[in-house]
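What follows is one structure encoded as structure tokens, with my remarks underneath.
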There are 2 protein chains.
Amino acid sequence: MKKLKIGVIGVGNMGSYHAKNLYEQKVDGACLYALCDNDEIVAEQLRQDYPDVKVYENYVELLDSGCDAVIIATPHYFHPEIAISAFERGVDVMCEKPTGVYTKQVRLMNQSAEKHGRKFAVMFNQRTSSLFSTAREIVKSGQLGELKRAVWIITNWYRTQSYYDSCSWRGTYQTEGGGVLMNQAPHNLDILQWILGMPKSVYANLDFGRYHNISVEDSADLLLKYENGMSVSFLTSTGEPCGTNRFEIVGSKGKIVLEGGVLKKWISKEDERDYCFSAKELNYQPEFEYSEIAEEGPADAHLAVLQNFVNHILFDEPLVACGHEGINELTLSNAAYCSAWTKSAVSLPLDEDKFYELLKSHSNDKKEAKTSRKNYTNPARWQINW
Amino acid sequence: MKKLKIGVIGVGNMGSYHAKNLYEQKVDGACLYALCDNDEIVAEQLRQDYPDVKVYENYVELLDSGCDAVIIATPHYFHPEIAISAFERGVDVMCEKPTGVYTKQVRLMNQSAEKHGRKFAVMFNQRTSSLFSTAREIVKSGQLGELKRAVWIITNWYRTQSYYDSCSWRGTYQTEGGGVLMNQAPHNLDILQWILGMPKSVYANLDFGRYHNISVEDSADLLLKYENGMSVSFLTSTGEPCGTNRFEIVGSKGKIVLEGGVLKKWISKEDERDYCFSAKELNYQPEFEYSEIAEEGPADAHLAVLQNFVNHILFDEPLVACGHEGINELTLSNAAYCSAWTKSAVSLPLDEDKFYELLKSHSNDKKEAKTSRKNYTNPARWQINW
């Protein structure tokens, strides 16, 4: 069978990793067909490293070169423009997260994919974690009863100033579109909404350039409220050493805690909504059955999602995350910025025009680009760190 | 040596426990001298149970009966009036938490104690936990470096509807003054400010009567911001089964986590504020030395604090918590109500007059008293549950 010809647009940190996987034939049914980077030094290096692969500096040329599909791994702000150009040329798209910088863009991307009948996937690699999918099944199946609270402390996204200095586009609203919520936490915000659904309101404290010389947020505290009354705290940062990744979900029949690569589960046969009103004991607690489940996700989640994208195109395998899925997590981060900028809770559905106006008004918050881009590959940085 | 003659005013859940401890001579240097409960059925029962102890139905009579000191364990709203009456009569006071319902009251109590030269202590029994005092030492000594974040999930205060029905004064602003923040969480709010100090602003989502048939809050999510930028999340509830008690404090040199009766500590020799700007690695992490410390608090913390109060009067032993200490935790809960009622973050110092006006406007939020008071003693309910 003929292999799917895949191009990679933006060969920085993530792009070079995907290119390498494709080039080394780690993805069944696909091959690395073309590369594009608008940095001529990077492009020149790519020509040396991949002598038998087409290399472009302009993504339109790559799209016109005969690719079946592309992986878009440029700075976030360029995702929508490139994806829509691809769809218009009959090319399928796997887009790095976040899908775009604001939800309006992602709606346009999805409309374009539908109009041109193209495949559109998002690199939400953490969805392949067995713990998250198990947590999702536990919640969806009603084992926890009625949801009451969730708390995700996800502060193990530590970055030094060197990280923000490594690419000149990092650390401003104009070029990166945001900080930890836009770059690191989209994975977690996606998992959060994938498991718990979407809230009705978002309140956020964001700290802009608190730990680093950047104009965007490097620390974020979100308080979400759901239609049924559930409270969700989502706490993240790129400035805390020895970070935590602990996700607790509580319902009327028990709770689960995901931490250290283990899902811990306490489930009771009795529902709190019953014994709250029937028990005579003033602080009655039923028996909870305890169990543990260890992580069994794929060794390389990015590779697994890329394989899924290829299988989707070739064999119609359901996508881990389709283009529409990019909207929800982006709604959460957009709403968080809106809340922090207006210092009040924001109701969903989000007023997307208002958000866009606010975003534009903050786009002039600039930082000085201190160094040029460094190229490096460290896949461990993108794994789930328990 | 003559024993200190102690009276107990309000012989409900806590009062009866203190009375029993005194009567059984578990407190060195003190004896149970008198009891007062304004419920005549309770008073009659006390006369039978404690035939050799004076029993009153009016606290003024008890104060005039020759007591050296009193323990005030009435519903919260009566604490200030009774304490001030005691000070005016030359009687020392140990007051149950919360010291009062609003901070203005507690300032008056402290002024009265000073004016009359009386001793004034607050029953913050959880301060005797070795884990909390160790955590405090770690923070105060600078071992954690500059503080960045704290998260306290303290949701193991579960109560059934029977609890709120057990005393007619529970569950309304008019009679109890608040819900979980006023009754259960004062311990934790006190420990929080004892270890971390006071924030500059408080934002709160409170849920009023979410899980129970009450007019006050049974679930609270607080987001505190400190002068140095530290974010603190404080999450509590009386409506979650299988509750959590997990307190994490993060600084620039490491973190501590208090959970399950153990303090876990990760400390590095390097300070994040240094390597953030000097490290070339984009997500550098230094080595963290890990250690664990187990709880070694007294078996009965209430008894320990009562003994401390007696030792303070007799031998000038420093108090675990003096009357002034009641103000800070109450400032936190008062600010949280203020925030929830006004739907905005509240700056400290608190506008106490504004809070008092808001509190009065919510005092008509009534619930129906469903049953009469049940008397029971279950000391385990007031212990720290890890």
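Bear in mind that the values in this text are calculations on the coordinates, not laboratory data. Source: prediction; values computed, not measured. All Cβ positions, even for glycine, are placed from backbone atoms using ideal geometry, and neighbour counts span all protein chains on display.
Miscellaneous remarks
- Volume of the convex hull of region A:13-161 (Cα atoms only), normalised per residue: 176 Å³.
- Here the contact order of region A:181-287, divided by its residue count and restricted to Cα pairs under 8 Å and six or more residues apart, works out to 14 percent.
- Placing one equal scatterer on every Cα of region B:148-236 and applying the Debye formula, the log10 ratio I(q)/I(0) at q = 0.13, 0.14, 0.18, 0.20 Å⁻¹ is -0.45, -0.51, -0.78, -0.91.
- Share, in percent, of DSSP beta bridges within the protein assembly as shown that are antiparallel, nearest 5: 60
- Residues of type lysines that A:LYS5 reaches as a straight line, Cα spacing below 27 Å, ignoring anything fewer than 8 places off in the same chain: A:LYS20, A:LYS26, A:LYS54, A:LYS97, A:LYS115, A:LYS119
- Counting only DSSP beta bridges whose two residues both lie in chain A, roughly 60 percent are antiparallel.
- Neighbouring partner chain Cβ atoms per residue of A:256-263, average, 10 Å criterion: 0
- If you count Lys pairs in region A:183-277 whose Cα atoms are under 16 Å apart, skipping same-chain pairs closer than 8 places in sequence, the total is 7.
- Charge dipole magnitude, Cβ of K and R +1, D and E -1 - the protein assembly as shown, Cα centre, debye nearest 20: 360
- If both residues of a DSSP beta bridge must be in region B:152-263, then about 90% of such bridges are antiparallel.
- Across chain A, the convex hull enclosing all Cα atoms gives 143 Å³ per residue.
- For A:LYS148, B:LYS2, A:LYS3, A:LYS354, the sequence from fewest to most other C-beta atoms within 10 Å is B:LYS2, A:LYS354, A:LYS3, A:LYS148.
- Nearest-20 debye value, chain A charge dipole, Cβ charges on Lys, Arg, Asp, Glu: 280
- Distances between copies at B:GLY29, taken between label points 7 Å from Cα along the C-beta direction, are 8.1 nm in increasing order.
- Proxy reagent accessibility, fewest Cβ within 10 Å first, across A:CYS67, B:CYS36: A:CYS67, B:CYS36
- Taken as Cα centroids, region A:247-284 and region A:137-187 sit 27 Å apart, rounded to the nearest whole angstrom.
- Ascending count of other beta-carbon atoms within 10 Å, so fewest first, for A:ASP353, A:ASP300, A:ASP37, A:ASP365: A:ASP353, A:ASP365, A:ASP300, A:ASP37
- Projected-area average for region B:235-327 over all orientations - Cα convex hull basis, square nanometres: 10.5
- Translational diffusion coefficient (Stokes-Einstein; Kirkwood radius from C-alpha pairs) of the protein assembly as shown at 10 °C, 1.306 mPa s, in µm²/s: 56
- Whole-Å distance, taken between Cα centres, linking region B:332-358 and region B:49-71: 37
- Estimated distance in nm for a label pair at B:GLU289 and A:GLU287, the labels positioned 7 Å out from Cα along Cα-to-Cβ: 4.5
- Each Lys and Arg contributes +1 and each Asp and Glu -1, all at the Cβ; summed about the Cα centre of region A:9-143, the dipole is approximately 840 debye.
- Centre separation in Å (Cα based) which lies between region B:198-218 and region A:108-136: 37
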